[in-house]
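Here is the structure we will look at, set down as structure tokens.
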Amino acid sequence: MTTTGETAVKQKMPPQPDKQQRAPQRPGDVVFSAAARAAGTLILVILAAVAVFLVVEAWPAIEIPSSELATKVSFIEDGDSLLSYVGPLVFGTILAAIIALVIATPVSIGVALFISHYSPRRVAQVFGYIVDLLAAIPSVVYGLWGALWLMPRVAPFFDWLSSTLGFVPLFEGPVATPPRTILTAGIVLAVMILPIITAVAREVFLQTPLLHQEAALALGATRWEMVRLAVLPFARSGIISATMLGLGRALGETMAVAMVLSPGLTYSIFILQAGQHQNIAANIALKFPEATSLGVNVLIFTGLVLFVITLIVNMIARWIVSRRAEFSGAN
């Protein structure tokens, strides 16, 4: 039995909105939501279309018997199967990319830290512009630079490396003259991916919470200790993402590698010898003009392999980054 006071309170209370009732959307919100959904769907459709194209065009090369492959494709030797032809290309592609990452990653992180935490603001702006400009240089220009300027200057260093560390199989001679080797290609790739890794790492370093940096300095840390304890842990996932972006370009680079590397199809670890390695993209560019119909299918199959490698690398990178997703500046 309700009292008169309780009845008056109930009458004065505003009606409760229906939990299932949604606020009306503005036309701009509807258009933006539809455009964003369409853009995301379009990316997936394009990716699926590329994968389907590669599989369909590579299928004739996949289904042909290995005994008939060499007789119909001019650049495949007798007795080689499709996998035995693609295997050395995959090895050379990954080896060149690893060399590029080993050289470029520490240099890129150092340059990014200098721009973000060490250099004066005006100097940092100039360095930032230079780094962004390097990312816009075409790959053929890097190839010309590597062939005409870099190779004559690294030849003495390669000779010293072979004579000093030749007992290590990696640096075993004889050193090629001119040094059209996988190490030269790796150095050129490192210069190419350096601005990409640097630009992304620089932006990640600048996002480090200021409170974290000030707290480290207030506790008596030096600037390097502050960077090591506050900046680098915060930016770890960003550094991995930047490295994977650079790896993606290193895996798919074509003209620069074709202009500085003497091709060969072996599983060699001798990075100072010529005629040992080749990567997939450069091989497609060099072999495509002379390829017949089935030869084109073989080259497309190698492109499919490169597509799968790049996809796997990016999936691994996303998995590594997702493991750090719980860390943020607010934690």
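When residues in the stretch 190-230 are screened for being surrounded by fewer than 19 Cβ atoms within 10 Å (Cβ to Cβ), assigned to a helix (DSSP H, G or I) and small (Gly, Ala, Ser), 2 of them pass. You will find that of Pro179, Pro174, Pro156, the residue that is more than 16 Å from Glu253 (Cα to Cα) and buried (at least 20 other Cβ atoms within 10 Å of the Cβ) is Pro179 and no other.
Quick grid of which residues meet (1) assigned to a helix (DSSP H, G or I); (2) closer than 25 Å to Ser241 by Cα; (3) not aliphatic (A, V, I, L, M):
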residue	(1), (2), (3)
Ser108	yes, yes, yes
Val111	yes, yes, no
Ile115	yes, yes, no
Asp159	yes, no, yes
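If you filter the stretch 71-99 down to residues that are of a type in the set (D, E, K, R) and closer than 30 Å to Leu189 by Cβ, you find that the one that is surrounded by the most Cβ atoms within 10 Å (Cβ to Cβ) is Asp80.
From the residues in the stretch 278-319 that are of a type in the set (S, T, N, Q) and in contact with a Gly (Cβ under 9 Å, 6 or more places away or on another chain), which one is surrounded by the most Cβ atoms within 10 Å (Cβ to Cβ)? Selected residue: Asn279.
For the stretch 51-96, which residues satisfy the criterion of being within 30 Å of Arg249 (Cβ to Cβ), of a type in the set (A, V, I, L, M, F, W, C) and not in a helix (DSSP H, G or I)? Selection gives Val73, Phe75, Ile76. Within the stretch 55-70, the presence of a residue that is farther than 20 Å from Leu306 by Cβ, modelled with pLDDT of 90 or more and loosely packed, with under 14 Cβ neighbours inside 10 Å is excluded. Of everything in the stretch 108-161 that is farther than 19 Å from Thr208 by Cβ and among the hydroxyl-bearing types (Ser, Thr, Tyr), the residue that is farthest from the chain's Cα centre (by Cα) is Tyr129. For the stretch 37-82, the set of residues classified as hydroxyl-bearing (Ser, Thr, Tyr) and either touching a Leu at 6+ places or on another chain (Cβ under 9 Å) or on the phi > 0 side of the Ramachandran plot (or both) consists of Ser66, Ser81, listed by residue number. Kindly list, by first and then second residue, each pair from a residue in the stretch 50-69 that is touching a residue at least 24 places away in the same chain (Cβ under 8 Å) to a residue that is assigned to a helix (DSSP H, G or I) and loosely packed, with under 11 Cβ neighbours inside 10 Å, limited to pairs with Cβ atoms under 9 Å and residues at least 6 apart or on different chains. The qualifying pairs are Pro60/Ser293. Counting only helices (runs of 4 or more DSSP H) that fall entirely inside the stretch 231-308 and contain at least 1 residues that are touching a residue at least 40 places away in the same chain (Cβ under 8 Å), touching a Leu at 6+ places or on another chain (Cβ under 7 Å) and under 12 Å from Ile182 (Cα atoms), the qualifying elements are 255-260.
The values are calculated or read from the model by the stated rules, or taken from the named source; none is laboratory data. Please read all numbers here as calculations on a predicted model, not as lab measurements. In this analysis, Cβ positions are derived from the backbone assuming ideal geometry, glycine residues included, and neighbour counts consider all displayed protein chains.
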